[in-house]
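Undergrad: The following block contains the structure, expressed as structure tokens.
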Amino acid sequence: MKTNHCKIVDCTIRDGGLVNNWDFSVEFVQKLYAGLNEAGVDYMEIGYKNSPKLLKGSEDAGPWRFLNDDFLRKVIPQKGNTKLSALVDVGRVDENDILPRSESMLDLIRVACYSKDVDKALALVQTFHDRGYETTINIMALSNVMENELLEAFELIKESSVDVVYIVDSYGSLDHNDVKYLVEKFKTHLPNKRLGVHTHNNMQLAFSNTLVAAELGVELLDASVYGMGRAAGNCPTELLVAHLKGTKYNLRPVLDVLEQLMVPLREKEEWGYILPYMITGALDEHPRSAMALRSSEDKDKVVDFYDKLTTPEVNFDK
């Protein structure tokens, strides 16, 4: 398997922050960055660059929810080879909050959107591109996008300045055949774009789906240490570091980060392969209903949960 074209984007702080409301200490993030840099990981997504004034509940979240450039300079005074990335959501970012890249700690800005908002996402991409950043567009919930919507999106993307287009398995419902189908479709319609993949582990397939994509030439591979991410989490960074052949990655620093930071954190916070998340993945559903179940007294009543999701006459908030 040829994977020396691959680059790892570690999303532990950004996607993992959805688990603990971005409650990571500065020391935690510094140690993680140092470990990833030593391991040769290409990018660390250090949070969201959304604008607090456009989002409710911003005052309760940790600083990684709304990255501030001055704050970032203090957190990582000496940047290594590992580049820094941030994600923004369409409708939640004020482009005036984004400095030119020459004045920023960030190298890559990724824009997440649903297929109906691709035009808005690409307008943001153009702004960030003009300010000197590497850019991606991440179309979420691909498993629920209609064919004609996707083809319309491709037409817009093909003519845009975006560097990388992401295949996102938001619900953790895709298998290797789905990934193969999507990668081939993206390559056919976007021959001029590099591709990325972001997987979730609801069905224990995040790692294998990422490898399938890598084998088909997908370049940017999203992962997180110990798989930490919303609900079932992501493809584990340590597995990619250990497995990708013909690369410069070094496993020991990632194991050090796991031992020092992630194993203790996993005792306090829950993420990963857990039955309700498996059920929403199998049914191609957003995990929010499973997340609500896990924070209730009935958190292990999976048969009842399954029945509610699969019985048409039951009105259940998906």
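Undergrad: Tally the DSSP beta bridges in segment 141-265 and give the antiparallel ones as a percent, rounded to 5.
TA: 10
Undergrad: Once you sort the root eigenvalues of the Cα gyration tensor of segment 224-297 as a ≥ b ≥ c, which label holds: rounded (a/c under 1.5), prolate (a/b larger than b/c) or oblate (the other case)?
TA: It comes out oblate by the Cα gyration axes.
Undergrad: Using a basic spin-label model with each label point 7 Å from the Cα along Cα→Cβ, how many nm lie between Glu267 and His176?
TA: With each label point 7 Å from Cα toward Cβ, the separation is 3.7 nm.
Undergrad: Here's something else I'd like to know. No solvent, one uniform scatterer per C-alpha: report log10 I(q)/I(0) for segment 18-84 via the Debye equation at q = 0.27 1/Å, two decimals.
TA: Debye intensities relative to I(0), on a log10 scale: -1.28.
Undergrad: In a Gaussian network model over the chain where Cα atoms closer than 10 Å are linked, find which of Thr127, Thr210, Thr199 has the largest mean-square fluctuation.
TA: Result: Thr127 has the largest fluctuation of those listed.
Undergrad: Two-decimal Rg/Rh of segment 53-93 from alpha-carbon positions, Kirkwood Rh?
TA: A ratio of 1.02.
Undergrad: Of the beta bridges DSSP finds with both residues in the chain, what % are antiparallel, to the nearest 5?
TA: Counting DSSP beta bridges with both partners in the chain, the antiparallel share is about 5 percent.
Undergrad: How big is segment 28-122 by Rg and Dmax over its Cα atoms, in Å?
TA: 13.9, 40
Undergrad: Write down the radius of gyration of the chain and its Dmax, each obtained from C-alpha positions, in Å.
TA: 18.8, 58
Undergrad: Moving on. What Kirkwood Rh does segment 50-192 have if only Cα atoms enter the pairwise 1/r average? Answer in Å.
TA: This gives a value of 16.4 Å.
Undergrad: Largest first and to the nearest Å, give the Cα extent of segment 182-239 along each principal axis.
TA: The Cα atoms of segment 182-239 stretch 33, 19, 18 Å along the principal axes, largest first.
Undergrad: Something else now. If we restrict to alpha carbons, what Rg and Dmax does segment 131-190 come to, in Å?
TA: Cα-based Rg and Dmax for segment 131-190 come out at 12.0, 38 Å.
The numbers here are math on the coordinates, done by the rules we state, and not lab data. Every value quoted in this text rests on a predicted model; they were computed, and no experiment measured them. Here the Cβ is made from the backbone with ideal geometry for all residues, glycine too, and neighbour counts use every protein chain on show.
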